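Trainee: Just dropping this structure here.
The values are calculated or read from the model by the stated rules, or taken from the named source; none is laboratory data. Just so it is clear, the structure is predicted and the values come from calculations on it, not from any experiment. Cβ placement follows ideal geometry from the backbone for every residue including glycine, while neighbour counts extend to all protein chains displayed.
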Amino acid sequence: MRIGARFVAVAVCAALAGCVMAPGDQKPVVSNSASAAPVGPARLITGGAKLKSEEVGWETSADPYAYQDIRPGTRPAQKSDEAGLWMVMDGMERQLRTAGNRITDPALNEYIQGIVCKLAGPYCPDIRTYVVRAPHFNATMMGNGTMQVWSGLLLRCRNEAQLATVLGHEIGHYIRRHSIQGMHDRVAKADFLIFLQIGLAASGLPPGVYNIAELVAMGGVYAFGRDHEREADLIGITLLARHGYDAREAPKIWAQLQQEMKANKDYSAGSLFYASHPPQEEREATLTRLAEKLQPATDKFAKNRDQYLAAIGPWRNGFLADELRLGKFKTSQELLKMLYADGFKTSEVRFYQGELHRLRGKTPKAEKNEDLLSFLGAKKDAPERNDFEVALEYYEKALKEPDPAPVIYRSIGLAQQRLGNDDAAREALKTYLSLAKNPKDRSIIEFMIKQSS
Amino acid sequence: MKRLSLILALLILNGCVTYSLVKPGTVKIGDAYRAQPRMEWSRLDRGRSEAWTIDGNSLHAVEFIKGLEDGEILFQPAAGKSTDNLPKYRKGMNPLEIQDLISNSLKAIGGLKLEVEELRPVKLNGVDAFRSELTYTLKDGLIRRAIAVSAVKNEKLYVLFYYAVKQHYFGKYRDDIERLFQSIEIL
Amino acid sequence: MFRILVLIVAVAGLTGCQTLNYYKSAHLGRVDDSRTVLIMPPDVELSELSAAGAPIPKAEWTDQAKTHMDKALQKILAERRAHMVNYQRSAADDDPDSPNVQLIKLHNVVGNSAIVHHLFEQMKLPNKHGKFDWTLGDGTRRLAHQYGTDFALFTYVRDSYTSGGRALAITAAALLGVGLQGGRQFGFATLVDLRSGEIVWFNLLARGNGDLRQYAPAEETVRALLEKFPS
């Protein structure tokens with residue numbers, strides 16, 4: 001369908017007498033010397049043609065190696081489109097340095113930058129990592145070497161190998177210059193579109209036809225994006241294995257994310273046509289196969305769980321609170337269950353399981369209307385039990401785990417009060433005040449205790 | 001708040017809404033409050049809430065939340081964003097839960113690095129209320145401070161939320177805000 | 001930050017409700033040889049419009065523009081016998097809580113507020129009674145002491161140029177009676193009195209011509225930007 005549309009455009013363009021895309025905009029710009037098969041550090045890392053594995057289904061017929069790897073320590077030539085892109089990204093990076101959502105803690109930044117440096121090898125000085133307080137599973141790479149790691153990702157990785165998988169993937173985007181490829185492709189598609197639209201307007205076709213052309217072109221843009229993601233996955237797992245990490249940890253990230261997302265039955269992966277990433281199942285399957293290929297023998301490779309937990313541990317409480325604030329009860333619940341099973345700081349996790357219920361605060365009686373809806377086939381949301389009672393059970397469990405925090409008593413107090421158990425509420429709040437260090441809500445709690453006596 | 005200001009700007013340019021003058025004296029804010037401002041303000045009525053400012057909403061403003069009912073959200077998100085997962089007021093909430101509602105609502109519309117200073121009980125013209133002070137930033141990284149005074153009357157939640165850029169602006173109007181708050185009656 | 005302002009000005013242009021585009025404080029007086037102006041790093045971006053109108057950022061043009069603007073500013077301020085000092089970036093500029101960083105962020109928000117509430121009739125704040133009264137507060141004295149300057153000048157420019165493909169598309173569309181936009185120049189400048197923090201002058205520029213890639217037309221743009229600059 002894409003080829004057909006392009007044919008139309010060409011015909012239309014011919015009719016417009018000698019139409020040509022703006023000179024220099026679409027040719028791939030190579031930032032280093034234009035040898036057909038460059039050798040050197042860049043090629044060694046990506047392995048060149050070796051990575052174009054037959055096991056991965058590339059969607060585009062275009063040769064992704066028309067764009068060569070960036071050479072370590074280089075910037076694009078000043079006159080190039082790529083330099084313009086870097087200029088804009090340098091500006092965005094300057095904003096990011098002092099942004100309100102950046103975590104500047106030196107220890108955390110050094111830990112993550114250290115992993116990036118190890119994986120990136122000669123590219124280490126070219127990549128700057130920023131840790132961002134954002135409660136979603138995400139990491140991004142800009143063409144100029146600015147990498148962002150979001151706190152939602154740090155919450156979900158179970159060990160260093162899993163984090164390294166994602167970091168290696170982002171490094172792959174940098175090495176293979178996907179940003180400029182993407183920009184060229186989008187410009188080419190948009191430029192193609194406008195001549196198509198002009199041509200179609202000239203032939204008097206109704207507006208609906210423009211939409212199909214746009215659809216086709218957009219599908220094209222995102223397909224290119226998906227191949228970039230596949231390539232980045234390949235590079236990521238190669239770097240992972242090369243630096244002694246357990247490559248079998250790579251597909252686990254996707255399995256974990258899938259398990260979390262599927263807890264919400266209303267979740268849909270989004271229209272395939274517009275998706276900018278390959279389906280999670282495909283990524284998981286491909287990475288599993290590649291792990292087997294790269295490391296046929298098991299048990300010899302590093303997961304570095306202890307190092308990871310030591311670095312991320314102090315932050316997890318805050319990241320969990322961020323997650324809960326999103327109000328996504330089902331997926332957060334699933335995530336908490338998985339984290340509990342993972343065994344780290346179980347008191348915290350139990351506490352947040354309780355908080356999840358307390359903050360939702362639903363009681364079966366209130367859901368009478370919803371029962372009717374569910375009878376009519378609509379989604380069933382009514383809880384079986386009172387959320388405050390369930391919350392209390394989790395808080396009790398949290399108190400039995402190692403190192404329970406005083407704030408658990410505060411939440412017990414709040415839940416008891418909602419259940420009308422004023423004496424129990426008072427006791428819990430008093431316990432909280434006696435255990436907590438300089439609580440900011442001391443005077444209001446004392447007031448509440450006095451009021452209820 | 002910066003996003004609020006953009007939406008505001010676009011609404012105003014489309015002639016939907018303009019600021020009107022608040023003169024010193026007795027002023028009604030919907031059916032929710034009566035206040036005695038001692039200086040002039042510019043007010044913007046947004047239905048569920050009303051905002052007063054002197055230098056513009058991106059720098060500072062008092063938000064008068066006009067009595068939330070069970071299940072309602074506190075701050076309006078940016079246009080186009082769903083309110084499904086935003087924290088909601090539930091009748092029967094106690095001061096701690098209400099403070100959590102304020103903090104979580106602020107974070108949900110972009111508040112970052114939020115810290116709550118002392119939370120303490122106060123009287124709002126005879127009505128039991130409580131107040132807290134907050135420090136936060138938005139994505140632009142500029143530090144802001146806020147004072148929140150909340151009270152529940154007839155199962156509805158009333159919140160006075162004053163925010164200002166910390167540098168210069170918070171201090172500039174602090175005394176005026178304290179006087180204004182002391183003058184407020186919930187109707 | 002000022003992207004929002006560009007959007008608002010664009011909308012205003014469409015709705016035709018923009019009134020003033022500059023302000024000068026009555027008590028400002030002259031900026032002459034008794035004064036020094038701190039030039040804050042200009043926020044400039046030049047781009048080329050692809051055939052479809054997408055702005056492709058151009059690093060080389062932007063570098064040239066910054067050099068030309070700097071030279072033009074020197075020349076124009078020298079004509080007014082004011083002295084010029086450039087802001088120096090340091091490691092402290094990477095710390096979000098450092099005073100200078102907070103001050104620059106504050107200028108963005110105050111500047112945005114000042115321009116939006118002053119320029120557009122429907123956004124005017126009645127309590128101001130038409131008075132232009134916007135300040136960063138006297139925290140600006142830090143900068144005054146650090147650089148020995150009386151004023152600070154902030155500039156912001158976004159400039160786009162038509163490519164061959166865009167020119168062709170514009171022609172082709174025009175033949176069919178469709179108007180496509182060519183390059184546009186948008187910029188504004190503010191002058192802050194560093195002793196009081198007051199914004200004492202600003203100017204807004206929005207037009208379809210202007211070229212920052214060569215020195216002579218760049219000087220013309222800077223003159224337009226500094227039109228009615230106190231002297």
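Trainee: Going through region C:143-169 one residue at a time, which ones are over 21 Å from the mean Cα position of the chain (by Cα) and either within 14 Å of chain B (Cβ to nearest Cβ) or hydroxyl-bearing (Ser, Thr, Tyr) (or both)?
Mentor: C:TYR147, C:THR162, C:SER163
Trainee: Give me the pairs: first residue in region C:57-72 and of a type in the set (Asp, Glu), second residue not in a helix (DSSP H, G or I), beta-carbon distance under 6 Å, and six or more apart or on different chains, which are they?
Mentor: Listed pairs, sorted by first residue: C:GLU60/A:GLN78; C:GLU60/A:LYS79.
Trainee: Only one of these is out of contact with any helix residue (DSSP H, G or I) (no Cβ under 9 Å at 6 or more places or on another chain) and part of a loop (DSSP other than H, G, I, E, B): B:SER105, B:SER82, B:SER58. Name it.
Mentor: Working: B:SER105 fails: part of a loop (DSSP other than H, G, I, E, B); B:SER58 fails: out of contact with any helix residue (DSSP H, G or I) (no Cβ under 9 Å at 6 or more places or on another chain).
Of B:SER105, B:SER82, B:SER58, the one residue that is out of contact with any helix residue (DSSP H, G or I) (no Cβ under 9 Å at 6 or more places or on another chain) and part of a loop (DSSP other than H, G, I, E, B) is B:SER82.
Trainee: Mind counting the residues in region A:319-346 that are of a type in the set (D, E, K, R), away from chain B (no Cβ under 14 Å), assigned to a helix (DSSP H, G or I) and in contact with a helix residue (DSSP H, G or I) (Cβ under 7 Å, 6 or more places away or on another chain)?
Mentor: Step one: filter region A:319-346 for residues of a type in the set (D, E, K, R), giving A:322-323, A:325, A:328, A:330, A:334, A:337, A:342, A:345.
This time we only want the ones that are away from chain B (no Cβ under 14 Å), so: A:334, A:337, A:342, A:345.
Next, from what is left, pick out any that are assigned to a helix (DSSP H, G or I): A:334, A:337, A:342.
Filter again for in contact with a helix residue (DSSP H, G or I) (Cβ under 7 Å, 6 or more places away or on another chain), leaving A:334.
The total comes to 1.
Trainee: Go through the residues of region C:64-82 one by one and say whether even a single one is within 18 Å of the chain's Cα centre (by Cα) and within 14 Å of chain B (Cβ to nearest Cβ).
Mentor: no
Trainee: Counting just the residues of region A:72-125 that are assigned to a loop (DSSP other than H, G, I, E, B) and closer than 23 Å to B:GLY110 by Cα, which one comes out farthest from the other protein chains (Cβ to nearest Cβ)? Let's see the steps before the verdict.
Mentor: To start, the set of residues in region A:72-125 that are assigned to a loop (DSSP other than H, G, I, E, B) comprises A:72-80, A:98-101, A:104-105.
Subsequent filtering for residues that are closer than 23 Å to B:GLY110 by Cα retains A:98-101, A:104-105.
Values: A:THR98: 4, A:ALA99: 5, A:GLY100: 4, A:ASN101: 5, A:THR104: 7, A:ASP105: 12 Å.
Top of the filtered list is A:ASP105.
Trainee: Of (1) under 30 Å from A:ARG242 (Cβ atoms); (2) surrounded by fewer than 18 Cβ atoms within 10 Å (Cβ to Cβ), A:ALA321 satisfies all except one. Which?
Mentor: (1)
Trainee: In region A:73-105, what count of residues is obtained for those that are under 22 Å from C:VAL157 (Cβ atoms), among the charged types (D, E, K, R), out of contact with any Asp or Glu (no Cβ under 6 Å at 6 or more places or on another chain) and free of Cβ contacts under 8 Å to residues at least 60 places away in the same chain?
Mentor: 3
Trainee: Separate question: Does A:ALA232 meet the test of being surrounded by fewer than 19 Cβ atoms within 10 Å (Cβ to Cβ) and either part of a helix (DSSP H, G or I) or at pLDDT 60 or above (or both)?
Mentor: Details: surrounded by fewer than 19 Cβ atoms within 10 Å (Cβ to Cβ): no; either part of a helix (DSSP H, G or I) or at pLDDT 60 or above (or both): yes.
Against the criterion (surrounded by fewer than 19 Cβ atoms within 10 Å (Cβ to Cβ) and either part of a helix (DSSP H, G or I) or at pLDDT 60 or above (or both)), A:ALA232 does not qualify.
Trainee: Mind listing just one residue for me: the one in region A:338-357 that is at pLDDT 95 or above and among the charged types (D, E, K, R) and, of those, farthest from A:GLU396 (Cα to Cα)?
Mentor: Step by step, filter region A:338-357, then rank; the result is A:GLU355.
Trainee: What is the one condition in (1) within 25 Å of C:GLN102 (Cβ to Cβ); (2) more than 14 Å from chain B (Cβ to nearest Cβ) that C:THR140 does not satisfy?
Mentor: Exception for C:THR140: condition (2).
Trainee: What is the one condition in (1) among the charged types (D, E, K, R); (2) touching a residue at least 12 places away in the same chain (Cβ under 8 Å); (3) within 21 Å of B:LEU157 (Cα to Cα) that B:ASP84 does not satisfy?
Mentor: For B:ASP84, the exception is condition (2).
Trainee: One residue is enough: does region A:361-384 have a residue meeting the conditions loosely packed, with under 15 Cβ neighbours inside 10 Å and modelled with pLDDT of 95 or more?
Mentor: Within region A:361-384 (the criterion being loosely packed, with under 15 Cβ neighbours inside 10 Å and modelled with pLDDT of 95 or more), the answer is no, since none of the residues qualifies.
Trainee: Could you give me the residue pairs with C-beta distances under 9 Å whose first residue belongs to region B:108-134 and is more than 9 Å from every other protein chain (Cβ to nearest Cβ), whose second residue is surrounded by fewer than 20 Cβ atoms within 10 Å (Cβ to Cβ) and among the aromatic types (Phe, Trp, Tyr) wherever it lies, and which are 6+ apart or on separate chains?
Mentor: That search, which allows pairs on different chains as well, returns B:VAL122/B:PHE181; B:LEU124/B:PHE181; B:ARG131/B:PHE181.
Trainee: Here is a follow-up. Tell me which of these C:VAL116 doesn't satisfy, since it passes every other one: (1) under 24 Å from A:ALA99 (Cα atoms); (2) in contact with a strand residue (DSSP E or B) (Cβ under 9 Å, 6 or more places away or on another chain).
Mentor: With (1) under 24 Å from A:ALA99 (Cα atoms); (2) in contact with a strand residue (DSSP E or B) (Cβ under 9 Å, 6 or more places away or on another chain) applied to C:VAL116, the lone miss is (2).
Trainee: List the number of the failed condition for A:ASN144; all other conditions in (1) buried (at least 22 other Cβ atoms within 10 Å of the Cβ); (2) in a helix (DSSP H, G or I) hold.
Mentor: A:ASN144 satisfies every listed condition except (2).
Trainee: A follow-up question, please. Considering only region B:70-87, I want to know if a residue exists there that is surrounded by fewer than 19 Cβ atoms within 10 Å (Cβ to Cβ) and within 9 Å of another protein chain (Cβ to nearest Cβ).
Mentor: yes
Trainee: Now, a different point. When the residues of region A:119-132 are filtered to those that are touching a residue at least 40 places away in the same chain (Cβ under 8 Å) and surrounded by fewer than 19 Cβ atoms within 10 Å (Cβ to Cβ), which remaining residue is nearest to the chain's Cα centre (by Cα)?
Mentor: Filtering region A:119-132 for residues touching a residue at least 40 places away in the same chain (Cβ under 8 Å) gives A:119-123, A:125-127.
Right, trim to surrounded by fewer than 19 Cβ atoms within 10 Å (Cβ to Cβ) and you get A:121-122, A:125-126.
Values: A:GLY121: 24, A:PRO122: 26, A:PRO125: 24, A:ASP126: 22 Å.
Taking the candidates together, the pick is A:ASP126.
Trainee: Residues that are closer than 19 Å to B:ASP100 by Cα, away from every other protein chain (no Cβ under 11 Å) and within 39 Å of the chain's Cα centre (by Cα): find the helices (runs of 4 or more DSSP H) completely inside region A:407-453 holding 3 or more of those.
Mentor: Details: elements: A:407-418, A:422-435, A:442-452.
Helices (runs of 4 or more DSSP H) meeting the threshold: A:407-418.
Trainee: List the pairs whose first member sits in region A:147-162 and is within 14 Å of A:GLN307 (Cα to Cα), whose second member is in a strand (DSSP E or B) and of a type in the set (A, V, I, L, M), and whose Cβ atoms are under 8 Å apart, counting only residues at least 6 apart or on separate chains?
Mentor: A:LEU154/A:VAL131; A:GLU160/A:ALA302; A:ALA161/A:ALA302
Trainee: Please give the number of the condition A:GLY145 fails out of (1) in contact with a Phe, Trp or Tyr (Cβ under 8 Å, 6 or more places away or on another chain); (2) at negative phi.
Mentor: Condition not satisfied by A:GLY145: (2).
Trainee: Under the condition of being more than 7 Å from chain B (Cβ to nearest Cβ) and charged (D, E, K, R), which residue from region C:85-118 is nearest to B:ILE143 (Cα to Cα)?
Mentor: Checked region C:85-118; the qualifying residue nearest to B:ILE143 (Cα to Cα) is C:ASP97.
Trainee: Where in region C:36-148 are the strands (runs of 3 or more DSSP E), entirely inside, with at least 1 residues that are buried (at least 21 other Cβ atoms within 10 Å of the Cβ) and in contact with a Ser or Thr (Cβ under 7 Å, 6 or more places away or on another chain)? Give the steps one after another, and end with the answer.
Mentor: Details: elements: C:36-39, C:43-49, C:55-57, C:83-86.
Output list reads C:36-39, C:43-49, C:55-57.
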